[in-house]
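See below for the structure under consideration.
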């Protein structure tokens, strides 16, 4: 796993909070978004095992996840489908992972890895 996270961003303004509390950071490459997301928490509910996945920048959420019940997602996120889909793709994916779980949205975790807080600096 890489050790350079300077191009990553997350849900929170603080990268450590985004990764260890929300379990979700990403970077945008030429053709895709590369996500690192939490798959396991410790006794204090801090993410301590992670997985990675990439999704093409031009992914259409309706086509990619056609099975999603958008009415349920609307209620969960507090916005209508149109507002929800206007978000940048990483925020859409984060909300979908929050509702359905990482496995249904980003795939199974076969080789979880650790990242230490000091690695993000």
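Only one of these conditions is not met by residue 105: (1) buried (at least 18 other Cβ atoms within 10 Å of the Cβ); (2) modelled with pLDDT under 95; (3) in contact with a helix residue (DSSP H, G or I) (Cβ under 6 Å, 6 or more places away or on another chain). Which number is it?
Among (1) buried (at least 18 other Cβ atoms within 10 Å of the Cβ); (2) modelled with pLDDT under 95; (3) in contact with a helix residue (DSSP H, G or I) (Cβ under 6 Å, 6 or more places away or on another chain), residue 105 violates only (2).
Hey, among the residues in the range 73-102 that are in contact with a helix residue (DSSP H, G or I) (Cβ under 8 Å, 6 or more places away or on another chain) and in contact (Cβ under 8 Å) with a residue 40 or more places away in the chain, which one's farthest from residue 36 (Cα to Cα)?
If we take residues in the range 73-102 being in contact with a helix residue (DSSP H, G or I) (Cβ under 8 Å, 6 or more places away or on another chain) and in contact (Cβ under 8 Å) with a residue 40 or more places away in the chain, then 89 is farthest from residue 36 (Cα to Cα).
For the range 9-63, give me each residue that is buried (at least 16 other Cβ atoms within 10 Å of the Cβ), at negative phi and assigned to a loop (DSSP other than H, G, I, E, B).
Once the filter is applied, which keeps residues that are buried (at least 16 other Cβ atoms within 10 Å of the Cβ), at negative phi and assigned to a loop (DSSP other than H, G, I, E, B), the range 9-63 yields 11, 21, 22.
The values are calculated or read from the model by the stated rules, or taken from the named source; none is laboratory data. Since we're looking at a predicted model, the values are computed, not measured. Glycine also receives a Cβ, built like all others from the backbone with ideal geometry; neighbour counts cover every protein chain displayed.
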